[in-house]
Amino acid sequence: MTGMMKICTYPDPVLRAKAEVVKTVDDDLLALIKGMGETMYAAPGIGLAANQIGSLKRVLIYDLNPRINGRKLSVIINPEIVQREGEIVYEEACLSVIDYSAEVKRHARVKVTGYDQNEKPVDIEAEDLLAICLQHEIDHLNGRLFIDHISTLKRALYKKKIQKMLRKEND
Ligand code: NI
């Protein structure tokens, strides 16, 4: 499993499923992480959760500034938010939610724990864009999308837009 993978988009049910805890980091998982990295950089995006490429493993990856700093892929396996505080509003988008962005309110600072691809513990105190990114990706692993944080009306309008687009594709 290497190379670019297809990114699943709303309303694909895999985006609504809860990803499962990873028990061992084996070759399959490392191949998944490698494929996720290639897919994210090619998209391009700053974060990706395994659900988005159709795998229900609790794995997320991110790289906030690949163009400025060069590629430095960060991986969190079994990520968990253990502390949260403050509030921040940011215009979010998602590779799985095509043609849409909306302001989402999240915690301004989060502490996230988990493991990296070498099974070393990860313990991150994140703020601003990294905090937003981690909350967004962990949401994915729990079957949630950023559009779940917007008003029912806005979400209904987006649903309508997508249904219209899918109908056109099928005509
Ligand atoms: Ni996303």
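Hey, what number do you get for the chain at 222 nm if only DSSP H runs of n ≥ 4 count, each worth -39500 (n - 2.57), divided across all residues, to the nearest 500?
Numbers: 4 runs with 53 residues, N = 171.
Dividing the helical sum by the residues of the chain leaves -10000 deg cm²/dmol.
Computed over the alpha-carbon atoms, segment 105-171 gives an Rg to Rh ratio of 1.17, Rh here being the Kirkwood radius from the mean inverse distance. Restriction of the trypsin sites (Lys or Arg not before Pro) in segment 56-100 to DSSP coil positions whose beta-carbon has at most 13 other beta-carbons within 10 angstrom yields R71, K72. Solvent exposure of the chain amounts to 57 Å² per residue of accessible area, where only protein heavy atoms count and the probe is 1.4 Å. For segment 65-111, the residue among P79, A93, V104 whose Cα projects farthest onto the positive side of the dipole built from Cβ charges is P79. Rounded to the nearest 20, the size of the Cβ-charge dipole of the chain about its Cα centre is 660 debye, with Lys and Arg at +1 and Asp and Glu at -1.
Over all directions, the average projected area of the alpha-carbon convex hull for the chain comes to how many nm²? Intermediate results must be reported in sequence, preceding the final value.
Numbers: hull surface 40.8 nm².
In nm², the orientation-averaged hull projection of the chain is 10.2.
The values are calculated or read from the model by the stated rules, or taken from the named source; none is laboratory data. Model, not experiment: these values are computed from the prediction. Counting neighbours? That spans all protein chains shown, and the Cβs are built from the backbone with ideal geometry, glycine included. Heads up: the accessible areas ignore ligands, DNA and RNA and are worked out on the full protein's heavy atoms, side chains in. Shrake-Rupley method; radii C 1.70, N 1.55, O 1.52, S 1.80 Å.
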